[in-house]
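> Below is the structure I would like to discuss, written out as structure tokens.
The values are calculated or read from the model by the stated rules, or taken from the named source; none is laboratory data. Everything numeric in this text was worked out from a predicted model, so none of it was measured. Cβ sites come from the backbone with ideal geometry, for glycine too, and all protein chains shown count toward neighbours. Ligands, DNA and RNA are excluded from the accessible area calculation, which covers all protein heavy atoms including side chains. Shrake-Rupley method; radii C 1.70, N 1.55, O 1.52, S 1.80 Å.
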Amino acid sequence: MSILSSGSFWAFVGVVAGIYTILALGLQVQFGFAGLLNFGQVAFMAIGAYTMAILVVKEGWSTWLAAPLAVVAAAAGGLFLGLFSLRLRADYFAIVTIAFSEIVRYVATNETSLTGGSQGTIALGPIGTASQYNGQWSRFEGRVQHAFGFSSSDATMLAIVWTVAVVLLALTWLAMRTPWGRVLRAIRDDEDAAASLGKNTFAYKLQALALGAALAGIAGLFYAWEFSFFSPDDFQPLLTFFAWMILLLGGLGRVWAVPVGATVFGFIFAGTRFLNFAPFTWFASDQRAYLRLIIVGLIILLLVLVRPQGLLGNKREMVLE
Amino acid sequence: MTPLLDVQDVVRTFGAVRAVDGASFAVEERSITGLIGPNGAGKSTLFATIAGSLKPDSGRIVFAGARIDGRAAYRVARAGVVRTYQAARVLTRMTVLDNLLLASTGHPGERLTGVLLRPRAASAHERRTLERAHEMLALVRLEAHTHEYAGTLSGGQRKLLDLARVLMLEPSLVLFDEPMAGVSPALRVELLEHILAVRRDRKITFLIVEHDLDFVMQAADRVVVMNEGRVIVVGTPEEARTNEEVVDAYLGKAH
Ligand SMILES: Nc1ncnc2c1ncn2[C@@H]1O[C@H](COP(=O)(O)OP(=O)(O)O)[C@@H](O)[C@H]1O
Ligand SMILES: [Mg+2]
């Protein structure tokens with residue numbers, strides 16, 4: 001059980017929770033505030049990560065130019081998806097988002113010359129070379145570690161990811177308190193009523209979708225930097241559902257519920273790594289991986305049953321009609 | 001004088017049901033026009049069609065000289081035609097105050113660019129909107145519920161909130177779908193007075209569907225009577241009351 005007492009392991013759990021916070025914050029904007037059923041959030045994460053990696057490796061861009069452009073690309077992906085599908089009924093829209101995220105993954109898998117295909121980013125460069133997109137990022141991380149005296153690069157990443165996450169949370173919190181955020185919440189409650197008050201509901205939904213996609217793009221950047229390598233398999237629909245679990249766990253329509261949900265989720269998920277005792281040892285390791293997901297699912301189901309409004313949600317809001 | 005609203009041969013079907021079946025009538029500026037007819041006559045459907053929530057199958061709707069049929073609902077609202085729903089559509093998971101604050105047009109704070117680039121204009125507009133909202137709350141006697149979720153209000157209170165929200169928008173044409181249903185008689189008198197005052201001071205025109213015929217006879221200058229999707233009579237309240245077709249339509253349905 002030595003890994004449990006390892007600081008770097010828990011720092012890693014914290015970094016992942018921070019990345020999930022940013023990813024799920026995007027969903028909170030889209031669903032928690034604007035009522036959009038987006039089941040393809042992971043696609044925007046993939047667009048962000050791939051755009052950055054491709055621009056850095058293939059085009060030789062500076063990370064500091066490639067990263068903002070990657071976020072813009074993710075937002076543009078949201079605009080594109082929204083323009084074509086936001087006029088559909090909510091349930092059809094939800095299905096289209098799943099399809100969109102699978103299409104993005106298939107493109108990433110099959111457009112080998114653009115993305116490196118199923119081999120992942122290591123194959124981004126010319127054949128025979130192992131390409132790296134995070135040289136500039138690693139140097140930046142090293143400087144931050146030195147400047148603040150962090151004990152390890154894990155601790156440094158933890159600080160960077162959570163600083164960004166808190167800034168994004170605060171900005172979202174502020175945005176939702178503006179009259180603009182009020183219109184979003186009105187659309188979530190009753191889109192027709194909002195339209196009859198003169199609100200261009202389509203434009204607002206499009207903005208919410210694009211902003212949520214941009215947040216996913218930022219999560220994609222940190223995912224790429226944290227792991228130094230990624231492939232299309234990293235962007236399975238499962239990741240979108242993790243973000244949804246975080247949202248339900250924390251509570252809908254509450255900005256600060258997202259980091260709480262993400263942290264609890266992160267620790268449940270990490271904690272179930274240590275199921276290395278009977279009866280779990282009766283299963284082969286690949287079976288145990290599935291067993292772990294089942295157990296995570298059950299724990300979350302239980303939590304949601306006990307607190308249907310989420311850890312920070314408002315129970316009264318749930319029963320109002 | 002050309003009418004403010006001109007409904008010409010509007011048809012709207014739901015499958016085989018011809019909910020509105022070639023309805024034509026006009027609403028004069030600054031009038032209070034009552035729209036009456038038995039249940040299922042097509043009044044609510046006609047409202048939804050005028051407001052842009054439903055597209056007409058055929059026909060024309062002209063408002064202030066411009067065609068509005070086929071426009072999106074939010075554009076019709078911005079042009080100055082605002083409706084209420086028969087079952088009030090308040091935003092249940094928002095506070096009563098927030099419901100009212102939504103009733104403002106051209107709010108710079110409702111655009112992201114306005115929030116970022118014109119914060120002063122946005123907060124000035126927000127202050128004015130807040131003042132107006134409190135006035136309206138006082139008018140419909142909902143001050144005690146200002147910070148409660150609108151979803152906790154009773155049906156009658158929701159009607160009042162909806163009414164307040166629409167009056168706050170100060171549109172040129174208000175479409176009220178049974179505004180008095182579920183409202184106490186005492187408050188009815190006051191709301192009627194307010195509607196009359198608003199029309200006098202602010203040049204607002206009203207088209208009102210109302211089952212309370214006493215209310216219609218008192219308030220309306222003109223009455224449009226619908227039956228089975230068609231307009232059967234347009235006239236003064238007195239003419240409508242004594243018209244045989246109208247009496248038949250009502251009694252025919254009632255018995
Ligand atoms: N959304 C709808 N789908 C199908 N039929 C509808 C719909 N809305 C109204 N109708 C039908 O259209 C007719 C007119 O209804 P409505 O406009 O609500 O009448 P009113 O408001 O005068 O009572 C009725 O026969 C009603 O059943
Ligand atoms: Mg009706």
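> List pairs: first residue in the range B:170-185 and within 13 Å of ligand 2 (Cβ to nearest atom), second residue of a type in the set (Phe, Trp, Tyr) and open to solvent by less than 20 Å² (accessible area, probe 1.4 Å) anywhere in the structure, Cβ distance under 7 angstrom, at least six positions apart or on different chains.
Cβ pairs passing all conditions: B:LEU175/B:PHE47; B:PHE176/B:PHE206; B:ASP177/B:PHE47.
> Among the residues that make up the range A:173-182, is at least one of them touching a residue at least 60 places away in the same chain (Cβ under 8 Å), surrounded by 15 or more Cβ atoms within 10 Å (Cβ to Cβ) and more than 14 Å from every other protein chain (Cβ to nearest Cβ)?
no
> Could you name every one of the strands (runs of 3 or more DSSP E) located completely within the range B:1-79 that has at least 3 residues being away from ligand 1 (no atom under 16 Å from the Cβ) and closer than 27 Å to B:GLU245 by Cβ?
So the answer is B:5-14, B:17-27, B:58-63.
> Now for a different question. Anything in the range B:84-100 that is in contact (Cβ under 8 Å) with a residue 60 or more places away in the chain and open to solvent by less than 20 Å² (accessible area, probe 1.4 Å)? List them, or say none.
Listed by number, the residues that qualify are B:THR84, B:VAL90, B:VAL96, B:ASN99, B:LEU100.
> Oh, and also: Just a yes or no: is a residue in the range B:195-208 under 20 Å from B:GLY235 (Cα atoms), within 16 Å of ligand 2 (Cβ to nearest atom) and more than 13 Å from every other protein chain (Cβ to nearest Cβ)?
There is at least one residue in the range B:195-208 that is under 20 Å from B:GLY235 (Cα atoms), within 16 Å of ligand 2 (Cβ to nearest atom) and more than 13 Å from every other protein chain (Cβ to nearest Cβ).
> Sticking with this structure for a sec: What's the total number of residues in the range B:89-111 that are over 24 Å from B:ALA79 (Cβ atoms) and part of a helix (DSSP H, G or I)?
The number of residues fulfilling the criteria is 3.
> Hey, could you check the range B:189-216 for residues that are of a type in the set (D, E, K, R) and open to solvent by 60 Å² or more (accessible area, probe 1.4 Å) and say which is nearest to ligand 1 (Cβ to nearest atom)?
B:ASP214
> Any chance the range A:16-27 includes a residue that's more than 30 Å from A:ARG273 (Cα to Cα), among the polar types (S, T, N, Q) and buried (at least 24 other Cβ atoms within 10 Å of the Cβ)?
No; the residues of the range A:16-27 include none that is more than 30 Å from A:ARG273 (Cα to Cα), among the polar types (S, T, N, Q) and buried (at least 24 other Cβ atoms within 10 Å of the Cβ).
> On to the next question. Could you figure out which of (1) in contact (Cβ under 8 Å) with a residue 24 or more places away in the chain; (2) buried (at least 17 other Cβ atoms within 10 Å of the Cβ); (3) closer than 27 Å to B:MET180 by Cα isn't true of B:SER24?
Looking at each condition in turn, B:SER24 falls short on (2).
> Exactly one of these conditions fails for A:GLY149: (1) surrounded by fewer than 20 Cβ atoms within 10 Å (Cβ to Cβ); (2) under 21 Å from the mean Cα position of the chain (by Cα). Give me its number.
(2)
> Report every pair of residues separated by at least 6 positions or lying on different chains whose Cβ atoms are under 9 Å apart, first residue within the range B:123-137 and within 12 Å of chain A (Cβ to nearest Cβ), second modelled with pLDDT under 95 and exposed (fewer than 13 other Cβ atoms within 10 Å of the Cβ).
The qualifying pairs are B:HIS125/B:GLY106.
> Within the range B:90-107, work out how many residues are under 13 Å from A:GLU317 (Cβ atoms) and within 18 Å of the chain's Cα centre (by Cα).
Looking only at that region, the number is 1.
> Output the number of residues of the range B:26-60 satisfying the condition of being more than 14 Å from chain A (Cβ to nearest Cβ), at positive phi and away from ligand 2 (no atom under 14 Å from the Cβ).
Residues flagged as more than 14 Å from chain A (Cβ to nearest Cβ), at positive phi and away from ligand 2 (no atom under 14 Å from the Cβ) within the range B:26-60 amount to 2.
> Give B:LEU112, B:LEU101, B:LEU117 a once-over and let me know the one that is within 14 Å of another protein chain (Cβ to nearest Cβ), more than 16 Å from ligand 1 (Cβ to nearest atom) and touching a Phe, Trp or Tyr at 6+ places or on another chain (Cβ under 6 Å).
Going through B:LEU112, B:LEU101, B:LEU117 in turn, the sole match is B:LEU112.
> Answer yes or no: is there a residue in the range B:124-140 that is within 16 Å of ligand 1 (Cβ to nearest atom) and either in a helix (DSSP H, G or I) or open to solvent by less than 50 Å² (accessible area, probe 1.4 Å) (or both).
No, every residue in the range B:124-140 fails to be within 16 Å of ligand 1 (Cβ to nearest atom) and either in a helix (DSSP H, G or I) or open to solvent by less than 50 Å² (accessible area, probe 1.4 Å) (or both).
> Now for a different question. Do you know which of the residues in the range B:74-95 that are under 25 Å from A:ARG177 (Cβ atoms) and among the β-branched types (Val, Ile, Thr) is farthest from the other protein chains (Cβ to nearest Cβ)?
The residue in question is B:THR95.
> Still on this structure: Is the range B:228-236 home to any residue that is of a type in the set (Asp, Glu) and within 16 Å of the chain's Cα centre (by Cα)?
Within the range B:228-236, not a single residue is of a type in the set (Asp, Glu) and within 16 Å of the chain's Cα centre (by Cα).
> In the range A:74-111, what residues are surrounded by fewer than 22 Cβ atoms within 10 Å (Cβ to Cβ) and over 23 Å from A:THR201 (Cα atoms)?
Residues satisfying the conditions are A:ALA99, A:GLU102, A:ILE103, A:ARG105, A:TYR106, A:VAL107, A:THR109, A:ASN110, A:GLU111.
> Go through (1) within 14 Å of chain B (Cβ to nearest Cβ); (2) open to solvent by less than 60 Å² (accessible area, probe 1.4 Å); (3) farther than 25 Å from A:THR240 by Cβ and name the single condition A:LYS315 misses.
The number of the failed condition is (2).
> Being farther than 30 Å from A:PHE33 by Cα, open to solvent by 30 Å² or more (accessible area, probe 1.4 Å), outside any helix (DSSP H, G or I) and touching a residue at least 12 places away in the same chain (Cβ under 8 Å), is that true of even one residue in the range A:124-146?
yes
> In the list A:PHE235, A:PHE229, A:PHE283, A:PHE277, which residue meets the criterion of being in contact (Cβ under 8 Å) with a residue 40 or more places away in the chain, among the aromatic types (Phe, Trp, Tyr) and open to solvent by 20 Å² or more (accessible area, probe 1.4 Å)?
A:PHE229
> Take the conditions more than 8 Å from chain A (Cβ to nearest Cβ), outside any loop (DSSP other than H, G, I, E, B), open to solvent by 60 Å² or more (accessible area, probe 1.4 Å) and modelled with pLDDT of 95 or more and apply them to B:HIS147. Does it pass?
Criteria not met by B:HIS147.
> Give the range B:173-217 a look and list any residue that's polar (S, T, N, Q) and under 16 Å from B:GLN157 (Cβ atoms), or say none.
Within the range B:173-217, B:SER184 is the sole residue that qualifies.
> Residues of the range B:65-82 being within 25 Å of B:ARG230 (Cβ to Cβ) and in contact (Cβ under 8 Å) with a residue 60 or more places away in the chain, which ones?
Answer for the range B:65-82, where residues must be within 25 Å of B:ARG230 (Cβ to Cβ) and in contact (Cβ under 8 Å) with a residue 60 or more places away in the chain: just B:VAL81.
> Aromatic (Phe, Trp, Tyr), within 16 Å of ligand 1 (Cβ to nearest atom) and open to solvent by 10 Å² or more (accessible area, probe 1.4 Å): is that true of B:TYR250 in this structure?
When the stated conditions are applied, B:TYR250 passes them.
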